[in-house]
Structure formats: structure tokens, C-alpha cells
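The values are calculated or read from the model by the stated rules, or taken from the named source; none is laboratory data. None of the values given here were measured: they were computed from a predicted structure. Please note: Cβ atoms are built from the backbone with ideal geometry, for glycine as well, and neighbour counts cover all protein chains shown.
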Amino acid sequence: YKVKWSGNTRHVPWNALLERVDIIPNSMVGTMAAAEGGWGTSRLARENNNLFGMKCGAGRCRGAMKGYSQFESVEQSVQAHVTNLNTHPAYS
């Protein structure tokens, strides 16, 4: 979650971490996946396991559809989406 930490377990930056992490309701994630991925029928969802239309940075794209992230599993897609919601300034 992009929180700086020295690795020392006695000095965990809990306040900074709590400011960055929030629980995303399953119903919200499911609704977003259905809207973005066409209930799993979109080409992006089928070929890249990308349920949320997440784009990738230049030089890091390896999926069937250029410009979009590819995930090994649907679970990885959901994890990446939740991380994005918790860390991207647009959602803060």
C-alpha cells in the first residue's frame, strides 16, 4: 500500500497504513466487475482475466489486449483492483 516502513516490527507505521487501507464491500467489487467486465463476457475479462479494465504502464503490458493488464487469475485481478482503490489518489 505504498507506506514507507523500515521493517522494524517495533515501529510499524499503523496510522499511515490505516489512512491507506479500507475495506471494500464484496457487493461493490462484484458490481464494479460486472459493469466493467460485462459479467465476465468481455474480451478483456476472458483473455486477460482483467475484470476491471485496468490499464498497464508502457513496457509492462503482456496481455492479449494492448494497453491493458493481464492477470494469472480472476483473484489476482480483484486483488489488484482493491489495491488500486486503496492507493490511487483518484479514489482517496
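All conditions in (1) modelled with pLDDT under 90; (2) touching an Asp or Glu at 6+ places or on another chain (Cβ under 9 Å); (3) outside any helix (DSSP H, G or I) hold for L85, with the sole exception of (3). Selection within the stretch 52-81: residues that are among the aliphatic types (A, V, I, L, M) and at pLDDT 90 or above. The member of this set that is farthest from the chain's Cα centre (by Cα) is V74. Kindly indicate the residue of the stretch 9-51 that is hydroxyl-bearing (S, T, Y) and modelled with pLDDT of 90 or more and also farthest from N84 (Cα to Cα) among those meeting that condition. Checking each candidate, the answer is T41. Candidates in the stretch 49-82 are the residues that are outside any loop (DSSP other than H, G, I, E, B) and in contact (Cβ under 8 Å) with a residue 24 or more places away in the chain; of these, the one that is farthest from I24 (Cα to Cα) is Y68.
If we keep just the residues of the stretch 34-51 that are of a type in the set (A, V, I, L, M, F, W, C) and surrounded by fewer than 17 Cβ atoms within 10 Å (Cβ to Cβ), which is farthest from the chain's Cα centre (by Cα)?
W39
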